[in-house]
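Note sheet for the following structure.
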Number of protein chains: 2
Amino acid sequence: MDIAAANALPYEDFVAIFGNVVENCPIITAAVWSRRPFANLTALEESISEFIDALPQSGKEGILRCHPDLAGRDLQGGTLTRESRQEQAGAGLDALSSTEVSHMARLNREYKERFGFPFVICARMNDKETMVRQLSERLGNEHAVERGRGIEEVKKICHLRLQGLLLTDTRNKL
Amino acid sequence: MDIAAANALPYEDFVAIFGNVVENCPIITAAVWSRRPFANLTALEESISEFIDALPQSGKEGILRCHPDLAGRDLQGGTLTRESRQEQAGAGLDALSSTEVSHMARLNREYKERFGFPFVICARMNDKETMVRQLSERLGNEHAVERGRGIEEVKKICHLRLQGLLLTDTRNKL
């Protein structure tokens, strides 16, 4: 789909297609539909970023809390969103040893107890080793810093998901 | 569940249980988790209302756009959320004649073309006759007035859903 086709969509179809570019937060896509037409993918992405940035801190933490754990029970139980399943599998998180799963679970638990939201990282820009290292390192951050880091990762994930959905648009620009 | 039990929940369980008190907007429940403990149902409800009120207009319209049509394709196709299915069925919308379904579809379409969001009304406080009458009447409203009316209805729906989930708490107050 190219951006002109996206701009022409009624909100139901726009939300059905783009509603999960921020995981489990269709309200964001549904809100920025008001700002169409978008000149290109970047303009749509910027509208989403602005909406996120204007939320109160609790709202930003709310976004993070709508994300699943990495290599967590949703991956094991098959209840991830399609996008997250592909991304986590692509990073090799569906093929961890039981020791690695336990290690990740312990770090995730520690992180959530410390911050009150899950560790969010763009799986498609990392592999399991860098994710585990980041998780360990980011555990040492201050609360506000880490909220900001999580939101940065949300935006990277959003960027790649938008690119996947607006492929034709990307090709047009090459 | 009573409010003390709700206050003690980790965010995952809190969002799993209360995440749909505003239809398809788990981010709102996930955000207000930051404000616990809540003294009672009313305090939780007020936190949700304050979060909604602080959103930009596009965000309020985003909430409305996360709602299904009344007696629309999600009801016919079985893809409503559990809560919406029960509420629409309780108001008799699953037993409309084909003429009534067509009439409702026409009004819904007209409403969405005019406002860019769906007609939202608390089905449990209405029956099919009052809903059709309201839909026809509200079609004449100004855009901003109607956005406000829709959000009022979202809050009524939220109130009743919270009451259903915090029944023990309600009994405690009798």
#### Entry: Extension gain, A:V101 back to A:E142 (0.36 nm per residue minus Cα-Cα distance, nm)
12.2 nm
### Task
Along Cα→Cβ, 7 Å out, is where each label goes; now give me the distance between the ones at A:Q86 and B:I17 in nm to one decimal.
3.5
### Message
Using +1 at the C-beta of Lys and Arg and -1 at the C-beta of Asp and Glu, which of A:G90, A:S136, A:I121 has the Cα lying farthest in the positive direction of the dipole of segment A:63-157?
### Response
A:I121
## Note on the structure
Other residues with Cβ under 11 Å from the Cβ of B:R35 give, with Lys and Arg +1 and Asp and Glu -1, a net charge of -2
### Task
Give me the angle, in degrees from 0 to 90, between the Cα long axis of helix B:41-53 and the longest principal axis of the Cα atoms of chain B, rounded to the nearest 10.
60
### Query
Taking a threshold of 20 Å on the Cα-Cα distance, which of the pairs A:K156/B:K60; A:K60/B:K112; A:K60/A:K156; B:K128/B:K156 fall above it?
A:K156/B:K60; A:K60/B:K112
### Task
About the Cα centre of the protein assembly as shown, how large is the charge dipole given +1 on each Lys and Arg Cβ and -1 on each Asp and Glu Cβ? Please answer in debye to the nearest 20.
60
### Task
Would you mind listing the distances between the A:A89 label point and the same position in each other copy? Use 7 Å along Cα-to-C-beta, nm, one decimal, shortest first.
3.3
### Query
Among chain A residues, which Cβ is nearest the axis of the A-onto-B rotation, and at how many Å?
A:I27, 3
### Task
Put a label point 7 Å from Cα along the Cβ direction on B:A105, then list its distances to the equivalent points in the other copies in nm, shortest first.
4.9
## Note on the structure
For segment B:33-107, the dipole about the Cα centre with charges only on Cβ (Lys and Arg +1, Asp and Glu -1), to the nearest 20 debye, works out at 200
### Message
Whole-Hz ³J(HN,Hα) for each residue in segment A:150-156, computed from phi via Karplus 6.51 cos²θ - 1.76 cosθ + 1.60 with θ = phi - 60°, x for glycine and proline: what do you get?
### Response
x, 5, 4, 5, 4, 5, 5
## Note on the structure
The ³J(HN,Hα) series, computed from each phi in segment B:57-62 with the Karplus coefficients 6.51, -1.76 and 1.60 at θ = phi - 60°, rounded to the nearest Hz and given as x for glycine or proline, is 4, 4, x, 5, 5, x
### Task
Could you work out which residue, out of A:R85, A:R36, A:R133, moves most in a Gaussian network model of chain A, that is, has the largest mean-square fluctuation with Cα springs under 10 Å?
A:R133
### Query
Taking the Cα centre of chain A as origin and charging only Cβ (+1 Lys, Arg; -1 Asp, Glu), how large is the dipole, in debye to the nearest 20?
100
### Query
If one takes the longest principal axis of the Cα atoms in chain A, at what angle in degrees, from 0 to 90 and to the nearest 10, does the Cα axis of helix A:98-115 lie?
70
## Note on the structure
Going residue by residue through segment B:13-23, the Karplus relation 6.51 cos²θ - 1.76 cosθ + 1.60 with θ = phi - 60° gives ³J(HN,Hα) values, rounded to whole Hz and with x marking Gly or Pro, of 6, 4, 6, 4, 8, 9, x, 10, 5, 10, 3
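No lab work stands behind these numbers, since they all come straight from the coordinates. Here the structure is a predicted model, which is why all the values come from computation and not from measurement. Please note: Cβ atoms are built from the backbone with ideal geometry, for glycine as well, and neighbour counts cover all protein chains shown.
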